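The values are calculated or read from the model by the stated rules, or taken from the named source; none is laboratory data. Computed from a predicted structure; not experimentally measured. Neighbour counts run over all protein chains shown; Cβ positions are idealised from the backbone, glycine included.
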Amino acid sequence: MKHCIKRYLLLPIFCMILICLTGCWDNRDITELSVVSAVGIDKTDDDQIEVTIQIIKIGTVKAKEQGSSDEAYWSISKTGNTIFEALRNILTTVDRKPFYTYNELIVIGEDIAKEGIMEVLDFFERDHENRRQALVLIAKGLSAKEVLNAKTELSTIPSLHLLEVIRNSQASTKIIEVELFDLLRDVCHPGKNAVVGIIEKIDNEKEELKIKNLRVAGGAVFTKDKLQAWLKPKDTIGYLIITNELKNGIINIPDPTDENKLVSVELKRVKNKIEVKFKDNKPTFLLEIKAAGNIGEQQSTSDLTTKEMVKKLDKEIEKLIEDELKKIIKLAQEELENDIFGLGAIVHMKNLNYWKKVENDWDSVFSETQIEIKVDAKLKAPGTVKKALEPK
């Protein structure tokens, strides 16, 4: 296992060496590169595009870790009429050409998102250096520049600190992780509107902005390429389940023996299956969810290990998941009138002739579509569920 981890960590280094030593057409020496870890894109008051890049100062990282006062990164901002022009203007202030192959984060300002992100996507799609796996976030209530200029107290590079926070929060049901490749697909292909993770300030302090004052939670809902609305953090669990994006997460259900006490359950595996049928030339959907988990904590001292108790807990989990699904479906159909789940993509695949008839009005059709829900949840077998500790 240690060898596998070592190989994983060394792979980017090997790739960099290959780029520098092989005889490819854009051969560059590593000392001539400025490695970009994050890109931010905003709109200025005079309708210019402002691009901010965060560059890792390779030679300073180790010194910073050993106590040097020098920052291990630069954040540089320039404006232009286009993203491409703004990036070229950045070249006038750096002595080494920025290298985007290892860029892991793209932050888009709210103003850009409201006007439309097609220009942003077009640029990143054309540029061969940018990673399709870069995480995309929408800055809510602050600029992308402010996000990338936020200070870090626990890491040498702010953008990498932020990414680690997100990765460490994968057990959360409130974070929506969307990579550039996924965003390109959702915006440019029929049948699904995009939902992108949000980054925002969690307090109104006017002191220097720090990573600890930022929160990644909730979702930015798009219609085509324009920001339409915000999903609250409490609404994201249903969205993640329907789109099969919930990696794992914690839910709290009432204790069957005491409704004033809670049982925390860690969902380990959640899988969905979506079927579409056509009746009277109208689609209806069956959404089947299978979930498995284990008890992480219980507040009572009741014995929840019996078969009867486990069945009751299973039913409570099923009820909670079903309620969350109904809530997000109602929000999408009645308030947003927006197919954020990709049901249209299923229709497009299963019945192309029907899709061609409704494609231009699909969100309205979606809003009237019947969606049936079936949930099957299972805790671990009774013999492996531990009894609660009791005081003597």
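Considering only the range 114-132, how many residues are outside any helix (DSSP H, G or I), of a type in the set (A, V, I, L, M) and surrounded by fewer than 18 Cβ atoms within 10 Å (Cβ to Cβ)?
Final tally of qualifying residues: 0.
Got a sec? Which of Asp111, Asp95 is farther than 30 Å from Gly238 by Cβ and surrounded by fewer than 20 Cβ atoms within 10 Å (Cβ to Cβ)?
Result of the check over Asp111, Asp95: Asp95.
Can you tell me which residues in the range 153-191 are over 16 Å from the mean Cα position of the chain (by Cα) and either closer than 16 Å to Ala220 by Cβ or surrounded by 17 or more Cβ atoms within 10 Å (Cβ to Cβ) (or both)?
Ser155, Thr156, Ile157, Pro158, Gly191
Could you pull out the residue among Asp42, Asp95 that is over 28 Å from the mean Cα position of the chain (by Cα) and modelled with pLDDT of 50 or more?
Asp95 is the lone residue from the list that is over 28 Å from the mean Cα position of the chain (by Cα) and modelled with pLDDT of 50 or more.
Here are Val347, Val375: which of them is under 30 Å from the mean Cα position of the chain (by Cα) and closer than 20 Å to Ile251 by Cα?
Working: Val347 fails: closer than 20 Å to Ile251 by Cα.
The conditions single out Val375.
Glu308: over 20 Å from the mean Cα position of the chain (by Cα), surrounded by fewer than 19 Cβ atoms within 10 Å (Cβ to Cβ) and not in a strand (DSSP E or B), yes or no?
Working: over 20 Å from the mean Cα position of the chain (by Cα): yes; surrounded by fewer than 19 Cβ atoms within 10 Å (Cβ to Cβ): yes; not in a strand (DSSP E or B): yes.
Yes, satisfied.
Table: residues versus (1) buried (at least 16 other Cβ atoms within 10 Å of the Cβ); (2) touching a residue at least 24 places away in the same chain (Cβ under 8 Å); (3) touching a Ser or Thr at 6+ places or on another chain (Cβ under 8 Å).
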position	(1), (2), (3)
Asp225	yes, yes, no
Thr236	yes, yes, yes
Leu246	yes, yes, yes
Asp255	yes, yes, yes
Val265	yes, yes, no
Lys282	no, yes, yes
Ile289	yes, yes, no
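Give the number of residues within the range 332-366 that are touching an Asp or Glu at 6+ places or on another chain (Cβ under 9 Å) and of a type in the set (Phe, Trp, Tyr).
2
I'd like to verify a number: residues in the range 317-361 that are crowded, with 18+ Cβ neighbours inside 10 Å, charged (D, E, K, R) and farther than 19 Å from Cys188 by Cβ, how many?
2
Kindly indicate whether Glu259 is at pLDDT below 95, loosely packed, with under 15 Cβ neighbours inside 10 Å, out of contact with any Ser or Thr (no Cβ under 6 Å at 6 or more places or on another chain) and closer than 28 Å to Thr152 by Cβ. Write out each step before concluding.
On the way: at pLDDT below 95: yes; loosely packed, with under 15 Cβ neighbours inside 10 Å: yes; out of contact with any Ser or Thr (no Cβ under 6 Å at 6 or more places or on another chain): yes; closer than 28 Å to Thr152 by Cβ: no.
For Glu259, the condition - at pLDDT below 95, loosely packed, with under 15 Cβ neighbours inside 10 Å, out of contact with any Ser or Thr (no Cβ under 6 Å at 6 or more places or on another chain) and closer than 28 Å to Thr152 by Cβ - is not met.
Among Val216, Val187, Val221, which is the only one that is touching a Gly at 6+ places or on another chain (Cβ under 9 Å), of a type in the set (A, V, I, L, M, F, W, C) and closer than 17 Å to Ile108 by Cβ?
Exactly one residue qualifies, and that residue is Val216.
Being part of a loop (DSSP other than H, G, I, E, B) and modelled with pLDDT of 95 or more is the filter here, so list the residues in the range 359-392 that pass it. Steps first, answer last, please.
Of the range 359-392, the ones part of a loop (DSSP other than H, G, I, E, B) are 368-369, 380-381, 385-392.
Those that are part of a loop (DSSP other than H, G, I, E, B) and modelled with pLDDT of 95 or more: Glu368, Thr369.
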